[in-house]
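Novice: Here you go, one structure.
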Amino acid sequence: MNQPVQKNTLYVGGLAEEVDEKILHAAFVPFGEVKDVKTPLDQSTQKHRSFGFVTFLEREDAAAAMDNMDGAELFGRVLTVNYAFPERIKGGEQGWAAQPIWADADTWFERQQQEEEMQRLQAEQRAAMQVAEKLHREKLAAEREGEKEEEADPMAAAEAQALKTSS
């Protein structure tokens with residue numbers, strides 16, 4: 001499934017256990033104004049899962065941070081920094097975690113109508129192709145019948161041959 005990337009939110013992987021949201025914020029703030037920092041917690045250990053997300057106000061700042069921090073070292077661990085993909089939730093067409101499931105209802109109906117129209121057009125095209133193929137087969141059959149009639153009448157074949165040689 002192809003998801004659009006969020007150009008102002010960065011995924012930061014490879015975080016050491018000691019790194020919290022404050023430290024992550026401090027590491028990325030030199031590149032621009034940081035809007036939000038999240039380090040998702042493991043429900044069983046209540047510790048972060050060695051990755052986090054940093055959201056900048058400006059895309060250019062996020063790009064600069066990614067260029068400079070990918071492969072950098074923080075608390076003895078090498079960081080992996082990429083653009084983040086949007087969070088997925090169960091249900092909903094787009095799967096944005098910040099939107100309710102019904103938020104995409106209008107676009108869903110529009111896509112359904114487009115899909116139905118496409119299927120109708122494809123069915124019409126298939127029917128037209130079948131008619132064209134049938135007409136083509138009938139034409140070929142008629143031509144073959146014509147050839148058989150010429151072969152069946154030796155006089156007609158002789159006349160046709162005489163006309164060809166006299167021309």
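Novice: Among the residues of the stretch 52-74, what is the count of those that are surrounded by 16 or more Cβ atoms within 10 Å (Cβ to Cβ) and in a strand (DSSP E or B)?
Specialist: Qualifying residue count for the region: 6.
Novice: When you scan the stretch 34-48, do you find a residue that is among the small types (Gly, Ala, Ser) and at pLDDT below 90, even just one?
Specialist: For the stretch 34-48, residues among the small types (Gly, Ala, Ser) and at pLDDT below 90: present.
Novice: While we're looking at this one, here's another question. Select from the stretch 1-19 the residues that are at pLDDT 85 or above, of a type outside the set (A, V, I, L, M) and surrounded by 14 or more Cβ atoms within 10 Å (Cβ to Cβ) and list them in ascending order.
Specialist: Scanning the stretch 1-19 gives Asn8, Thr9, Tyr11, Gly13, Gly14.
The values are calculated or read from the model by the stated rules, or taken from the named source; none is laboratory data. Here the structure is a predicted model, which means the values were calculated and not measured. Note that we place each Cβ from the backbone using ideal geometry, even for glycine, and neighbour counts take in every protein chain shown.
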